[in-house]
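Participant: My questions will all concern the structure given below.
The values are calculated or read from the model by the stated rules, or taken from the named source; none is laboratory data. Since the model is a prediction, treat every value here as computed from it, not as a measurement. Here Cβ is always computed from backbone atoms with ideal geometry, including for glycine, and neighbour counts include all displayed protein chains. Note: accessible area is taken over every heavy atom of the protein model, side chains too, but ligands, DNA and RNA are not part of it. Shrake-Rupley method; radii C 1.70, N 1.55, O 1.52, S 1.80 Å.
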Amino acid sequence: MMPSAESQAEAESLRKEIEYHNRRYYALDDPEITDIAYDQLLRQLQALEAQYPELLTPDSPTQRVGAKPLDAFAEVVHPVPMLSLDNAFDQQEFANFDRRVRERLELTDEVSYIVEPKLDGLAISLLYEEGQLVRGATRGDGNVGEDVTQNIRTIPTIPLCLTGSGWPKRLEVRGEIYMPKAGFNRLNERARQRGEKSFANPRNAAAGSLRQLDSKIAAGRPLAIYCYGFGLVEGGRLGKSHSESMALLEGWGLRISPELEKVSGIASCHNYYQQMAKRRDGLDYDIDGVVYKVDDLQQQQHLGFVSRAPRWAIAWKFPALEEMTQLLDVDFQVGRTGALTPVARLEPVQVAGVIVSNATLHNMDEIQRKDVRIGDTVIVRRAGDVIPEVVRSVPAKRPADAKEISLPKQCPECGSEVIRLEDEAVARCSGGLFCPAQRKEAIKHFASRKALDIEGLGDKLVDQLIDRALIHTPADLFTLTLEQFADLDRMAEKSAQNLLKALEKSRQTTLPRFLFSLGIREVGEATARSLALYFGGIEPLQLADLDKLQTVSDVGPIVAEHIIAFFRQPHNIEVIDALIEAGIQWPAIEQIAADQQPLADKIFVLTGSLSRPRSVIKEQLQALGAKVAGSVSKKTDYVVAGEDAGSKLAKAEKLGIEVLDEAALEVLLAQL
Ligand code: IVH
């Protein structure tokens with residue numbers, strides 16, 4: 001069916017509205033509507049386009065999610081070549097550049113320059129025809145680049161159509177695509193957790209994302225743009241100066257660096273450079289220098305080009321963020337949660353102004369992928385506040401006696417077994433209750449509200465107790481005296497007394513709380529409860545094998561392995577014995593077999609926004625034997641629907657499945 005004029009107009013108006021809000025959000029950082037309202041607009045448009053595919057235009061905001069994968073990128077011949085910049089590496093070289101400019105222009109006055117950071121990303125050319133984005137191309141060799149339009153369309157800071165009016169009929173905008181540091185760190189962290197390959201630096205990550213043949217992958221990558229110039233301009237004109245032209249671009253919705261300034265004279269140029277160098281680490285994107293451009297376009301024209309670079313611009317570079325050095329050794333550091341991190345001990349090297357002698361190697365998978373061995377020459381990177389890291393080795397420089405790095409079998413802090421589960425990148429110490437590296441965390445967890453609930457024993461007190469070596473394990477808490485407590489900073493006799501009372505009270509606990517308090521990996525409150533219900537005591541749990549553990553309602557193979565590893569450590573058992581010796585006790589628990597749990601075999605689906613985190617409700621249901629599924633099917637018993645529930649609710653209603661709101665869920669649970 002052909003779309004009616006009415007739906008056509010509706011699609012058009014939705015598109016405009018969405019693009020407007022896109023600009024407010026991404027370019028101006030000043031949104032007018034909530035994310036939910038925005039999503040609704042987008043969904044309306046998607047629905048309309050699904051109903052009438054004729055309405056779908058390539059510049060529709062719905063296309064930002066990515067299109068069909070390509071077989072290869074087409075070539076693009078740049079109508080105006082994309083040049084590079086000459087570099088200056090110190091004040092003298094910059095002064096020489098400025099002198100040459102003035103001589104050629106026969107100026108005795110100071111020159112006005114437009115200055116902004118030199119982003120360390122990838123040059124891009126965006127072609128707009130009649131205000132519509134028709135093509136995005138990489139720089140390539142400067143004359144011929146690659147057509148990456150599909151990927152470009154997924155970048156939210158790139159307008160698909162220009163706003164305002166007065167733009168040239170054909171306008172080629174140039175800028176730098178980059179990946180913000182925060183997004184890059186998140187992307188790499190996720191890759192490491194999944195055991196996937198991480199990117200060496202944000203520039204590589206941006207390049208890899210832009211060159212994805214499948215634009216759906218690019219759509220998931222946090223790319224952004226700053227526009228810094230223009231190429232082809234036809235059927236219209238820009239300003240008389242670079243700065244006027246940039247202001248026009250900004251008015252049409254293109255994103256310009258907020259750091260852009262106009263300065264005159266080399267003293268101001270130098271000042272800008274120094275300020276920017278100071279702020280470099282704090283910016284959310286990598287920069288490798290400052291770019292200076294003669295502002296007046298007539299002057300630019302007069303100056304012209306030499307080979308591949310304009311005479312009217314220069315990049316004054318900062319020291320590099322990556323340097324080469326030698327890997328002397330690797331130590332393993334145990335974090336507060338027991339994770340073992342390989343730390344590279346390096347021949348000290350200056351990286352962007354700071355001496356680096358240690359750097360992280362993240363985990364064993366990364367070591368393998370980066371092919372790093374002790375004795376290797378490696379590339380180290382230091383960017384901002386993040387810990388310096390070894391980016392890769394330089395295999396060509398590998399000495400014959402380079403040594404492979406292996407994971408220690410025992411924790412370097414406490415000697416407990418190091419456990420690395422299959423599919424997990426991270427290796428961990430399994431001596432949670434005993435390991436000095438994990439002490440503070442273990443005791444804070446032990447005392448927390450959902451564990452033994454020792455009122456008044458806050459994090460600061462735990463820090464003090466451990467720093468003064470008054471306690472080593474949770475069991476030691478019960479040996480402390482009133483005098484010892486009263487002697488701590490910010491503790492009076494009264495509060496010391498209260499603390500002793502709280503400790504006394506905490507001795508009477510429940511088995512689920514006690515199991516939870518041990519801090520076994522992956523054993524949350526709900527799992528602790530299931531385990532307690534199933535085993536009824538510590539000993540049977542301690543003796544259970546993998547198969548037995550997995551018959552408990554929400555215990556899978558990973559949780560089971562963590563439980564087994566925990567109880568295999570003699571030190572952990574010693575602490576548990578000491579706790580029981582100290583008088584920790586709980587009432588006998590009635591054992592409930594898995595199939596007799598109140599919600600055994602019931603399948604729940606949670607949807608919409610609920611007042612408590614979904615994970616909490618999920619754990620609560622699982623502890624009662626229920627299964628919590630991600631999608632609604634005929635087998636679903638209950639759908640718990642919060643506000644703004646969408647398709648899952650609709651499906652439940654269609655299938656006649658019982659729908660509960662949160663209040664109804666509470667009623668159901670209370671009846672069990
Ligand atoms: S202006 C005629 N401004 O640096 C060339 N370039 O080394 C005009 N770059 O390929 C370029 N930030 O990708 C300019 N603020 C900025 C820049 C910038 C990064 C890149 C650009 C270019 C390379 C030249």
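Participant: Once you wrap a convex hull around the alpha carbon atoms of the stretch 498-591, what is its projected area averaged over all directions, in nm²?
Facilitator: 6.0 nm²
Participant: Tell me which lysines have Cα within less than 29 Å of K240's Cα, excluding those fewer than 8 residues away on the same chain?
Facilitator: The reachable lysines, counting only those whose Cα sits under 29 Å from K240, are K118, K169, K262, K293, K317.
Participant: When the label point is put 7 Å from the Cα of R237 along its Cα-to-beta-carbon vector, which residues of the stretch 291-333 have a backbone N closer than 17 Å?
Facilitator: What the label zone holds, given the 17 Å backbone N cut-off, is 296-302.
Participant: Summing Lys, Arg as +1 and Asp, Glu as -1, what charge do residues with Cβ under 12 Å from the Cβ of R221 carry, R221 excluded?
Facilitator: Value of the local net charge: +3.
Participant: Obtain the nm distance between the two label points defined at H472 and S448 by a simple spin-label model: each point lies 7 Å from its Cα along the Cα-to-C-beta direction.
Facilitator: Simple spin-label model gives 2.5 nm for this pair.
Participant: Equivalent ellipsoid semi-axes for the chain, as square roots of 5 times the alpha carbon gyration tensor eigenvalues: give them largest first, rounded to whole Å.
Facilitator: Ellipsoid half-lengths, sorted descending, are 56, 36, 23 Å.
Participant: May I pose another question? Give me the orientation-averaged projected area of the Cα convex hull of the stretch 565-668, in nm², one decimal.
Facilitator: About 9.5 nm², averaged over all directions.
Participant: Along the three principal axes, how long is the stretch 1-93 when you take its alpha carbons, biggest first, rounded to the nearest angstrom?
Facilitator: Sorted from largest, the Cα extents of the stretch 1-93 read 67, 37, 22 Å.
Participant: Between E417 and V354, what FRET efficiency follows from the Cβ-Cβ distance if R0 is 41 Å, with the result rounded to 0.05?
Facilitator: 0.65
Participant: What is the extension gain from D90 to D545, computed as 0.36 nm multiplied by their sequence separation minus the C-alpha to C-alpha distance, in nm to one decimal?
Facilitator: Taking 0.36 nm per residue and subtracting the Cα distance, the gain is 157.1 nm.
Participant: Could you tell me which trypsin sites (Lys or Arg not before Pro) in the stretch 105-172 are loop residues by DSSP with no more than 12 other beta carbons within 10 angstrom of their beta carbon?
Facilitator: When the trypsin sites (Lys or Arg not before Pro) of the stretch 105-172 are filtered for loop state and at most 12 Cβ neighbours within 10 Å, K169 remain.
Participant: Further question: So what are the radius of gyration and Dmax for the Cα set of the stretch 341-470, in Å?
Facilitator: Answer for the stretch 341-470, Rg first and Dmax second: 19.0, 60 Å.
Participant: Given the stretch 138-204, report the % of alpha carbon pairs whose separation exceeds 14 Å.
Facilitator: Summing the P(r) tail past 14 Å for the stretch 138-204 gives 73 percent.
Participant: Let me ask something additional. Place the peptides 581-589, 390-398 in order of packing, highest mean first, counting for every residue the other Cβ atoms within 10 Å and averaging per peptide.
Facilitator: 390-398, 581-589
Participant: Could I ask something else about it? Between I33 and H302, how high is the FRET efficiency from 1/(1 + (r/R0)^6) when r is the Cβ-Cβ distance and R₀ = 41 Å? Nearest 0.05.
Facilitator: Step by step, r from the Cβ atoms, then E = 0.25.
Participant: Taking a threshold of 29 Å on the Cα-Cα distance, which of the pairs K68/K627; K602/K651; K409/K627 fall above it?
Facilitator: K68/K627; K409/K627
Participant: Right, here's the next one. Among all cysteines in the chain, which have no other cysteine Cβ under 4.7 Å from their own Cβ?
Facilitator: Flagged as lacking a Cys partner: C161, C227, C269.
Participant: Tell me, what is the per residue accessible area of the stretch 257-377 in Å², probe radius 1.4 Å?
Facilitator: 44 Å²
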